[in-house]
1. Return the residues of the stretch 169-205 that are closer than 18 Å to residue 241 by Cβ and out of contact with any Leu (no Cβ under 9 Å at 6 or more places or on another chain); say none if nothing qualifies.
2. Answer with yes or no whether residue 259 is open to solvent by 10 Å² or more (accessible area, probe 1.4 Å), at pLDDT below 85, of a type outside the set (A, V, I, L, M, F, W, C) and over 17 Å from the mean Cα position of the chain (by Cα).
3. Find the residue count for the stretch 131-153, including only residues that are part of a helix (DSSP H, G or I), open to solvent by 20 Å² or more (accessible area, probe 1.4 Å) and among the aliphatic types (A, V, I, L, M).
4. Checking residue 269 against (1) closer than 14 Å to residue 67 by Cα; (2) crowded, with 19+ Cβ neighbours inside 10 Å; (3) within 15 Å of the chain's Cα centre (by Cα), which single condition isn't satisfied?
5. Return the residue satisfying two criteria in turn: it lies in the stretch 59-79 and is open to solvent by 20 Å² or more (accessible area, probe 1.4 Å) and closer than 19 Å to residue 314 by Cβ, and of such residues it is modelled with the highest pLDDT.
6. Of the residues 227, 313, 282, 326, only one is open to solvent by less than 60 Å² (accessible area, probe 1.4 Å), more than 30 Å from residue 167 (Cα to Cα) and in contact with a Pro (Cβ under 9 Å, 6 or more places away or on another chain); which?
7. Hey, among the residues in the stretch 184-224 that are surrounded by 11 or more Cβ atoms within 10 Å (Cβ to Cβ) and aromatic (Phe, Trp, Tyr), which one's nearest to the chain's Cα centre (by Cα)?
8. Scan the stretch 158-172 and give yes if some residue there is under 17 Å from residue 83 (Cα atoms) and either in contact (Cβ under 8 Å) with a residue 12 or more places away in the chain or not hydrophobic (A, V, I, L, M, F, W, C) (or both), otherwise no.
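The values are calculated or read from the model by the stated rules, or taken from the named source; none is laboratory data. This structure is a prediction, so every number in the text was calculated from the model and none was measured. Every residue, glycine as well, gets a Cβ built from its backbone with ideal geometry; the counts of neighbours run over all protein chains shown. What goes into the accessible areas is simple: the full protein's heavy atoms, side chains included, and nothing from ligands, DNA or RNA. Shrake-Rupley method; radii C 1.70, N 1.55, O 1.52, S 1.80 Å.
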Amino acid sequence: MISNLHSNIRHIGLGGINKAMKVISHIFYRLGVLPFLLLIAVVTFSLLSGNFLTTDNLLNVARQSTYLMLVAMGQMFALLTGGFDLSVGVIIALTSVIAAMVMAWAHLQWPEQVGLSISVGSVAGLLAGMMIGVVNGLGVAYGRVSPFMMTLGMSSIGLGLALYLTGGTPVYGMPESFSDLFGFGQILGIPTPVVITLIIAIFLWFFLNYTVGGRYFYAVGGNVKAARLSGINTKLVLFSTYVLCALLAAISGLLLTARLETGEANIGASLPLESIAACVIAGVSLRGGVGRLPSVVMGALFIGLIQNGMNLAKVGSYFQIVVIGALLIIAVLADQFRQRMGN
């Protein structure tokens, strides 16, 4: 009787473990490695620092992550079509420099017209950033240059231009209202950059999931030949991808400039790696055609959470780059394993 009781307990235990493993496998297959990394990060950094899970710190993480979220959402479009954009960091730098220089010049010319100075500088910065996206799009879609070589080349050109224009020194002279509104301002108690990012994220989510144009990005990334035979203008979709990616990076650069209160030629250098890492961790396939926007937002938030936790744990900035690179490799390996599960 005692042996039967032990046997029943063992069966119940094995049944529970099997059920738990099935649930974990299902979550991994559906959502990727992100939920598990998020859980490990929260537990680890909560043990290392008592300030990690406080409301003020989590709000700070949300605000600091918005810049990466914007870039990662643009990077997701490039990955969906089977490419990627290495020039997003330089787009941010060039946007920052041009916007600050034009805004400072306009503010000097028309000191009473603060709104006009901010508008002119912002438009100039956005156009400068988008021009890199236009060249990327023309090269990839119509010149058939590989995304790696095209965006790497434009990255070098953009960085050279930003350094040539500024001589490597910060650009000052922007109206204080620009930073007060877009860098440190709040709307209904929520930081302005967070509100802007949320509005853009909702719009892009609706566009990707409920419009024909949004589904074209998945179709081109899934099978470009089939998409072309189905009547989709694949070149126009590829061109639009890099312009949209540049626009989102430029908006991020503008908000970051407002936060820093200067135009900087050396900001955004780490964002190409971090944005690709955020997408891959969120389950966006490097082969194209697979990815969900809400997961990408969570992936960027996860990167911000990791950086914040390492700062609280007093981990050096150089080692933080090592950690982000390691996470990217882990995410790629997990993605390949998930692909095999699907097959």
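1. Within the stretch 169-205, the subset closer than 18 Å to residue 241 by Cβ is 200-201, 203-205.
203 - this is the single residue of the stretch 169-205 that is closer than 18 Å to residue 241 by Cβ and out of contact with any Leu (no Cβ under 9 Å at 6 or more places or on another chain).
2. Values: open to solvent by 10 Å² or more (accessible area, probe 1.4 Å): yes; at pLDDT below 85: no; of a type outside the set (A, V, I, L, M, F, W, C): yes; over 17 Å from the mean Cα position of the chain (by Cα): yes.
When the stated conditions are applied, residue 259 does not pass them.
3. Taking the stretch 131-153 as the starting set, the residues that turn out to be part of a helix (DSSP H, G or I) are 131-142, 147-153.
Within this subset, residues satisfying the condition of being open to solvent by 20 Å² or more (accessible area, probe 1.4 Å) are 131, 134-135, 138, 142, 147-150, 152-153.
Now narrow it down to the ones that are among the aliphatic types (A, V, I, L, M): 131, 134-135, 138, 149-150, 152.
Matching residues across the stretch 131-153 total 7.
4. (2)
5. 64
6. Every option except 282 fails the conditions.
7. 205
8. Applying the first criterion (under 17 Å from residue 83 (Cα atoms)) to the stretch 158-172 yields none.
The answer is no; no qualifying residue exists.
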